[in-house]
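The values are calculated or read from the model by the stated rules, or taken from the named source; none is laboratory data. Not measured: the values here are computed from a predicted model. Note that we place each Cβ from the backbone using ideal geometry, even for glycine, and neighbour counts take in every protein chain shown.
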Amino acid sequence: MDTAALTRTPGTPSPRRRRRVAALAALLFFFGPAVAFAAGDRADEIENREPAAFPALSRRFATGFEAWAVDHLPLRGQAVRAHTLLSERLFGEPPSYATAGPRAYPRVIEGRDGWLYFGDDVAEACRPAGTTAGVLDRVRRLGEIVRGSGRGFVFTVAPDKTTVSPDKLPDRFLGEGCLRSRKTELWAALEAARVPGYLDLRAPLLRLQRDTGEPAYFRTDSHWSERSAALYGAELARVLRPALAGGTRLTFLGRSPREGDLGRLLGAPRREDAARWRLDRDGVRRLAQDDRDAPIAFRVTNATTRAALFRPRTLIVGDSFTRESTPWITPYFADLTVLRSDAPVRAGPERVAGYLREAEVVVFEMVERYWAGGHGEMLTDETLAAVEKALKAAPRRAGGPG
């Protein structure tokens, strides 16, 4: 006789049943993502980054597996969107995902008139991994390595949206003080350092915004507008070779709906009516695009019958600001390779050094928040050492500024 059944409170599940439920839950946790994947469900990239990869078998496997499982849970995006909608309907604000421990800054800051700002601008400024001076020293060293090998070097900073278009920020928000002080420190240091090859984009963006009366950044996205992307391309062309401005026109195509990345980060997509632009360069046509190294890098070659092209083989190392701007950059170059700035992590420092070795001119772009945070994948000791070794073994005659 089952004596446990005689003493069990009515309605309480038996130990055997509880074990079965626990086993089923474990199976769903461990194998649910794989089953959902086989059925056609795909986890969305809703955190402005790629989902975590399956971890290697090491001491950190448990921590890595937890991150992988969370990122690949089936219907994860739908659950986050439902949570966001419920929170906004009930409390008038998006949910907070802060956890116990260090102060958690919001992933998205909701401003006035539907404006959204990337919370990492604040998190990087308020919890920096390094100093502004340290980043400048490493960029200076990268420039010295590249120029010392006979190659041209240009570097630039993509300003944060909170720097160029801050007027829609809320009156008060967590981290406001350290954000403002860090920005003041960073831009003053950049101006005072006078590092060779520096291209300032902040002043032209502020001027464009003032002269046109249009914001330089999308309302619901962390990135600059198409017109600002075209300005980035034009400013880069100007410092490389002023004659590249000839035979170049920026054509307004009208306005159309656009979904920004910050709404997806909230789990509640936001759309806006965005201005669309096209860069036209007389006689320039695309010869080929080599995507064999995608998503790490891609290469574009162009030919022309009229407008000038920048002829030296060029490498741009940049983050999402550069990748979002490629339609307004590539038409200026005869031979251009665009390399992700996180390639040292994705592909290794030696492979990155190989891209620099093949170039005659190197352009390095990094977003302001990483400068404020005091770190960057291209600026680690391992990456700089690999680049120095590769370029010393393959010197060139300089093909551009710097």
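Whenever a residue of the stretch 121-136 is on the phi > 0 side of the Ramachandran plot, it has no partner that is exposed (fewer than 14 other Cβ atoms within 10 Å of the Cβ) lying with C-beta atoms less than 8 angstrom away and at least six residues away or across chains.
Residues in the stretch 149-207 that are closer than 25 Å to residue 230 by Cα and of a type in the set (Gly, Ala, Ser): 152, 158, 165, 197, 203. Restricting to the stretch 200-219, name every residue that is buried (at least 17 other Cβ atoms within 10 Å of the Cβ), touching a Lys or Arg at 6+ places or on another chain (Cβ under 9 Å) and assigned to a helix (DSSP H, G or I). Hit for the stretch 200-219 is 208, nothing else.
Of 77, 114, all but one fail to be at pLDDT 95 or above, within 24 Å of the chain's Cα centre (by Cα), closer than 30 Å to residue 271 by Cα and surrounded by fewer than 19 Cβ atoms within 10 Å (Cβ to Cβ); the exception is 114.
Rundown of residues vs (1) under 21 Å from residue 232 (Cα atoms); (2) modelled with pLDDT under 95; (3) of a type in the set (Asp, Glu); (4) surrounded by fewer than 23 Cβ atoms within 10 Å (Cβ to Cβ), yes/no style:
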position	(1), (2), (3), (4)
336	yes, no, no, no
342	yes, no, yes, yes
347	no, no, no, yes
361	yes, no, no, no
364	yes, no, no, no
382	no, no, yes, yes
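Take residue 353 and decide whether it is of a type in the set (Gly, Ala, Ser), assigned to a helix (DSSP H, G or I), in contact with a helix residue (DSSP H, G or I) (Cβ under 9 Å, 6 or more places away or on another chain) and surrounded by fewer than 24 Cβ atoms within 10 Å (Cβ to Cβ). Taking the combined requirement at face value, the residue satisfies it. Among the residues of the stretch 291-325, write down those that are in contact with a Gly (Cβ under 9 Å, 6 or more places away or on another chain), not hydrophobic (A, V, I, L, M, F, W, C) and not in a loop (DSSP other than H, G, I, E, B). Result: 304, 314, 325.
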